[in-house]
Amino acid sequence: MESLFDQSVPWYFVDVPPTNPTMHKLLVEYAGVNDEEVQRHIANIRNKAWRVAPFPCVGSFLFAELVLSTFPVYREIVANLKSGAWARYPEVGCGLGQDIRKLIHDGVPKTSVIGTDLLPGLLESGQELFRDADALPLGQSFFAADFLDTSDENVLSKAVLDGTVDVIHATMFLHCFDRPTQLRACKRILTLLKNRPGVMIVGKQGGVAKGAGAREHPVKGPMGQVGGVVRTNFLHNVDSFKALWDEVGQATGTRWNVQVQEEEIMDRGYLYFDEEEHRWLSFVVSRL
Ligand SMILES: C[S@@+](CC[C@H](N)C(=O)[O-])C[C@H]1O[C@@H](n2cnc3c(N)ncnc32)[C@H](O)[C@@H]1O
């Protein structure tokens, strides 16, 4: 097998693309990075993070893109978390946690945000990127855990989040899994949410165009065959994503309003999701 950390894969960008102005501002104002150091700082963190997680989101600098604040519902999320009407905001598979820092910079109490990811090294890379390991420590603001593990010993279970959450952010997360595992992950998401209409899941992920068939898609590159097992990403189109939530609803006795939109992949994701019919899917799924 090729080295896991092979830099010749197309989704490893040697140079940092121009930084999104909102992210640039966040790094200067929140993290205290010097204006002229921003690009170099991002590159240094990426080079370290690649040794932890040679994923497209790291190699293509997707972690330097902000997603949540591009949703119209962002204002409602910020207002409710700021006022305390909503107590907790967990982000699952948060990676370096860029959207969490944007929320805090926009006034959300740091005690309301929680980031969780399988890989502690990615959470630590985020703390280095944003220079806030003291303010947002592991075990308090960030939890390294397998989100699919529902045992009582899991640190997320111990964090007593079950049934306390109004909104969950899951970007570039569900597409990491095959279809049956996505169903498990959605059911796990439901265990965290309050049992009331209006709770929501917001996110963006790789998918396919409406006319293209949703399908299992082998994970590309050396990451696709860790341990000799071929892993797949299930890529949804708009209809199959809605069908997934119908199935979640049937299995849990709940009903969901699924708003999902497809977008062309023109940017940093392009070299991973590089086929004609690939799209980003942005979604807001709220309980009826
Ligand atoms: C494509 S990355 C996206 C990271 C981040 N959401 C972003 O958009 O920059 C997917 C993330 O999901 C995490 N992940 C994968 N499987 C997981 C699991 N079972 N439990 C928790 N996190 C997981 C990975 O470690 C990785 O950081």
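Just so it is clear, none of the values below were taken in a lab; they were calculated from the coordinates. Bear in mind that the values here come from a model prediction, so they are computed numbers and not experimental data. Methodologically, a virtual Cβ is constructed for each residue, glycine included, from the backbone with ideal geometry; neighbour enumeration extends over all protein chains shown.
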Using just the Cα positions, wrap the stretch 67-287 in a convex hull and report its mean projected area in square nanometres, one decimal place. 12.1
With θ set to phi - 60° and the Karplus curve 6.51 cos²θ - 1.76 cosθ + 1.60, what are the ³J(HN,Hα) couplings of the stretch 16-26 in order, to the nearest whole Hz, using x for Gly and Pro? 6, x, x, 7, 3, x, 5, 5, 4, 4, 4
Can you order the peptides 236-249, 178-191, 34-47 by their average number of other Cβ atoms within 10 Å per residue, highest first? 236-249, 178-191, 34-47
Using a Förster distance of 35 Å, how high is the FRET efficiency between Thr191 and Lys25, based on the Cβ-Cβ distance and rounded to 0.05? 0.45
Inter-probe distance in nm under a simple model that places probes 7 Å from Cα toward Cβ, at Ala43 and Glu277: 3.9
Gained length - Glu263 relative to Phe13, 0.36 nm times residue gap less alpha-carbon distance: 87.8 nm
Solution diffusion estimate, µm²/s, Stokes-Einstein, the stretch 52-164, Kirkwood Rh from C-alpha pairs, 37 °C, viscosity 0.692 mPa s: 226
Two-site label geometry, Glu128 and Ser151: point separation in nm, points 7 Å out along Cα→Cβ: 3.0
Of the listed pairs Lys82/Lys158; Lys158/Lys204; Lys194/Lys220, those with alpha carbons more than 32 Å apart are Lys194/Lys220
Could you pull out every residue, at least 5 positions away or on a different chain, whose amide H is within less than 5 Å of the one on Arg279? Hs are placed 1.01 Å off N in the peptide plane, and Pro or chain starts have none. Gly207, Val208, Ala209
